[in-house]
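The values are calculated or read from the model by the stated rules, or taken from the named source; none is laboratory data. Remember, it's a predicted structure, so these values are computed and weren't measured experimentally. Note that we place each Cβ from the backbone using ideal geometry, even for glycine, and neighbour counts take in every protein chain shown. Note: accessible area is taken over every heavy atom of the protein model, side chains too, but ligands, DNA and RNA are not part of it. Shrake-Rupley method; radii C 1.70, N 1.55, O 1.52, S 1.80 Å.
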Amino acid sequence: MSAPTSIPSGSESARGNINGVDRLSSLCDELLHHVMSFLPMPEVVRTSLLSPRWRNLWASTPFIHIDDQDFLDENHPSGQDDEKLEMFGDNLLLLRDGAVCLDEARIYITHEGERKCSVWIRHAIKHKVRLLHVYGSGIEIYPFLDSTGMFPSQHLKIIRLHSLELTCGFFRPLNNDCHVLENLELKDCNLCDPSQEISSVSLKVLRIVRGIIEGLLICARNLTNISIIYPNYDGAIVTRDLSSLVTASVIINSHQGSDIIVGGHRLLDGLSHATTLELHAPLHEVHIDSLFPDQ
């Protein structure tokens, strides 16, 4: 990957060179990678210009961050140089050291970049990523993410998705092909298909915050912790067969009222195994026995 020239090659101050001693470059790779983790990813790549010691360090970082905000361009019609973003993301993944596993991949995309996002996610999974975090940057139009973005993994443990449209079949590879997935967070995500299902047998923690839900069945039998916070129901959320559940937290918007809890949605049906249940909802006229109709 060609590196921009904003950091002068051989800069003494940039390398921590004091009185002829390059102290920063003498640190081990692990510490230098930690320092680099605080930089935007394009700046991480630019460190390759500092000296031979730094030339390939960027390619072995245990993280990648692809952020559309790093490619803002006020002279571009869309305010962002999508071509440079796509080229950077492709090269970042294709040219990195394939022998180094990824601890973390963070990808920020707009609606225009959703096609490339699926490619980047697959490459990150092939590099054995453990934490995958995908942010949608859209305000009115969320980027779409479907099952083509996922890939079988024996390493992916945590997935955090923010401000995305999760289309039909998205959860299928997570349920069937990500065998060590333990933590799934959906924040401000819209579930467009009423037949969506979360049934991963490895999943232990599920957190859903806001978002429009057309319909969702949660039946992950080894789930120990579930949080459903301010969801916007267009369809039903059904919980079932959560026999390992320990902690459950449900917070409902006041405008949704008690109909969301007992009006055929069966949100609480599968939560009866929880030893700790936290419920915040407007239940002015609801009898407690109606919360668990099968008990």
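Across the range 207-255, what is the total count of residues that are part of a loop (DSSP other than H, G, I, E, B), charged (D, E, K, R) and under 23 Å from H162 (Cβ atoms)? First the steps, then the outcome.
Taking the range 207-255 as the starting set, the residues that turn out to be part of a loop (DSSP other than H, G, I, E, B) are 210-211, 214-215, 219-224, 230-231, 234-236, 240-246, 252-255.
Restricting the remaining residues to those that are charged (D, E, K, R) gives 210, 214, 221, 234, 240-241.
When the remaining residues are screened for being under 23 Å from H162 (Cβ atoms), the result is 210, 214, 234.
Matching residues across the range 207-255 total 3.
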#### Entry: Only listed residue being of a type in the set (K, R) and exposed (fewer than 15 other Cβ atoms within 10 Å of the Cβ), chosen from K116, K128, K84
K84
### Query
Right, H155: out of contact with any Pro (no Cβ under 8 Å at 6 or more places or on another chain), in a loop (DSSP other than H, G, I, E, B) and open to solvent by 10 Å² or more (accessible area, probe 1.4 Å) or not?
yes
### Task
Mind counting the residues in the range 169-182 that are crowded, with 17+ Cβ neighbours inside 10 Å and either among the β-branched types (V, I, T) or part of a strand (DSSP E or B) (or both)?
1
### Tally, over the range 90-120, of residues that are within 24 Å of R55 (Cβ to Cβ) and in a loop (DSSP other than H, G, I, E, B)
9
### Task
Residue by residue through the range 212-243, note down the ones that are acidic (D, E) and under 21 Å from D188 (Cβ atoms).
E214, D234
## Note on the structure
Counting only residues in the range 183-193 that are outside any loop (DSSP other than H, G, I, E, B) and open to solvent by 20 Å² or more (accessible area, probe 1.4 Å), the one modelled with the lowest pLDDT is identified as N190
### Task
For the range 210-251, name all the residues that are aliphatic (A, V, I, L, M) and surrounded by fewer than 21 Cβ atoms within 10 Å (Cβ to Cβ).
I212, L217, I229, A236, V238, V246, I251
### Residue selected from the range 133-152 under the condition of a type in the set (A, V, I, L, M, F, W, C) and part of a loop (DSSP other than H, G, I, E, B), by the criterion surrounded by the most Cβ atoms within 10 Å (Cβ to Cβ)
M150
### Task
Residues being of a type outside the set (S, T, Y), surrounded by 16 or more Cβ atoms within 10 Å (Cβ to Cβ) and in contact with a helix residue (DSSP H, G or I) (Cβ under 8 Å, 6 or more places away or on another chain): count how many of those fall in the range 87-113.
12
#### Entry: Scan of the range 158-168 for residues that are in a strand (DSSP E or B) and open to solvent by less than 10 Å² (accessible area, probe 1.4 Å), ordered by number
I159, L161, L166
### In the range 44-57, residue surrounded by the fewest Cβ atoms within 10 Å (Cβ to Cβ) [restricted to those that are of a type outside the set (A, V, I, L, M), in contact with a helix residue (DSSP H, G or I) (Cβ under 8 Å, 6 or more places away or on another chain) and without any contact (Cβ under 8 Å) to a residue 40 or more places away in the chain]
R55
### Query
Restricting the search to the range 194-209, which residues are out of contact with any helix residue (DSSP H, G or I) (no Cβ under 8 Å at 6 or more places or on another chain), under 15 Å from I237 (Cβ atoms) and surrounded by 17 or more Cβ atoms within 10 Å (Cβ to Cβ)?
L206, I208
### Task
With respect to H123, determine if the residue is open to solvent by 50 Å² or more (accessible area, probe 1.4 Å) and not in a loop (DSSP other than H, G, I, E, B).
yes
